[in-house]
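Only one structure is covered here, and it is reproduced in the block below.
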Amino acid sequence: MVGMQQIVAGNWKMNLTLSQGQIFVDNLVAGLDGVELKRQLLLAPNFTLLAALARSCAASGIGLVGQNCAFQESGAFTGETSVAMLKDVGAGYVLVGHSERRQLFSESDKLLQRKVQAVVGGGLVPILCVGETLEQRQSGAAYTLVVEQLKSALSDFPDAPLLVAYEPVWAIGTGRTATPEDARLMHQHIRKFLVAQFTWGAGVPILYGGSAKPENAASLLSQPEVNGLLVGGAALDPESFLQIALA
Ligand code: PGA
């Protein structure tokens, strides 16, 4: 969509302690000084860092993202974190359905639909992650699979802010990035689904994720329907994150 502000989001996964995270944000903010940034920056630190980073991120216009959440509102769910708790410590967004959650923690489409609903119900913005495995891509099932993931997670989705992240599983943490062409084709496919599904579907930012780095950021970000990047490994260093943001 013309005029949509691009987004660069850093997903720290289970990396960086509190002091490391604070140093990262200090360095990032210092690097942003005097720079005209056209993109919105988001950071997804571990839950244990959110409260401490909230003030400096807010002051610099950096949005905070929870990496996961429970779908329940409260109660006897040891080890879980509710949307209200994330909101309380300054998160504005929540990642839902990251492939590591789907694969390593067996999160099902049905569970993810409940999480998406919980995020929206709690007043935060879901960043719904979808993507196929290498096997699924090679068998020609990638497009169907991604649409199925979207359909399922977004069933009964209200008219509310939403971000989608296309992250091919074979590109995550592997150094093997999707080509700009791969990304464009899938993003156009996702856009088609969103526009058919929702009257406001044209305005949903679609991020690409999977070995995005300073060297490939500009070519990915120049593709139609690539409205931003979700960055893992290259977001652990403020300098490379900044390079991506400015690419
Ligand atoms: P990566 O991770 O950039 O290290 O491939 C992306 C992600 O999992 O969000």
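Summarising the amide proton neighbourhood of Gly10: residues at separation of 5 or more, or on other chains, whose placed amide H is nearer than 5 Å comprise Leu42, Leu43, Ala44, Val231. Counting only heavy atoms of the protein chains and using a 1.4 Å probe, Arg176 has close to 120 Å² of accessible surface. In terms of accessible area, using a 1.4 Å probe and ignoring ligands and nucleic acids, Lys13, Lys38 rank largest first as Lys38, Lys13.
Extension gain, Thr144 to Ser56: 0.36 nm times the residue separation minus the Cα-Cα distance gives 27.5 nm. Our estimate of slack between Gln197 and Thr17, defined as 0.36 nm per intervening residue step minus the Cα-Cα distance, is 60.7 nm.
Using only side-chain charges placed at the Cβ, +1 for Lys and Arg and -1 for Asp and Glu, the dipole size of region 166-247 relative to its Cα centre rounds to 260 debye. Quick one: which residues, 5+ away or cross-chain, put their amide H under 5 Å from the amide H of Ala165? H built at 1.01 Å from N. Here Leu128, Cys129, Val130, Leu207 satisfy the definition.
Note on Ser222/Asn46: beta-carbon distance plugged into 1/(1 + (r/R0)^6) with R0 of 22 Å gives a FRET efficiency of 0.10.
Each of Ala58, Gly3, Leu28 was scored by the projection of its Cα onto the charge dipole of region 1-84, and the greatest displacement toward the positive side belongs to Gly3; charges sit on the C-beta of Lys, Arg, Asp and Glu. Estimated purely from DSSP H runs of n ≥ 4, each contributing -39500 (n - 2.57), the mean residue ellipticity at 222 nm for the chain is -12500 deg cm²/dmol once divided by its residues.
Straight-line reach from Lys192: taking Cα to Cα under 25 Å and skipping same-chain neighbours fewer than 8 places apart, the lysines in range are Lys110, Lys115, Lys151. Note on Trp200: accessible area is roughly 60 Å² with a 1.4 Å probe, heavy atoms of protein only.
Taking the Cα centre of region 99-207 as reference, the dipole from Cβ charges on Lys and Arg (+1) and Asp and Glu (-1) amounts to some 80 debye.
Annotation for Arg176 and Ser108: the two label points, set 7 Å from Cα along the Cα-Cβ direction, are 3.0 nm apart. With a 1.4 Å probe and all protein chains kept in place, how much accessible area does Ser219 have, in Å² rounded to the nearest 10? Using a 1.4 Å probe on the heavy atoms, I get roughly 50 Å². Approximating the spin labels as points 7 Å out from Cα along Cα→Cβ, the Ala84-to-Ser155 distance works out to 2.8 nm. Summing +1 for each Lys or Arg and -1 for each Asp or Glu among the other residues whose beta-carbon sits under 12 angstrom from that of Leu220 gives -2.
The values are calculated or read from the model by the stated rules, or taken from the named source; none is laboratory data. Everything numeric here is computed off the predicted structure, so don't read it as measured data. So basically every Cβ, Gly included, is an ideal-geometry build from the backbone, and we count neighbours across all protein chains shown. Surface areas here come from the heavy atoms of the whole protein model, side chains and all, with no ligands, DNA or RNA. Shrake-Rupley method; radii C 1.70, N 1.55, O 1.52, S 1.80 Å.
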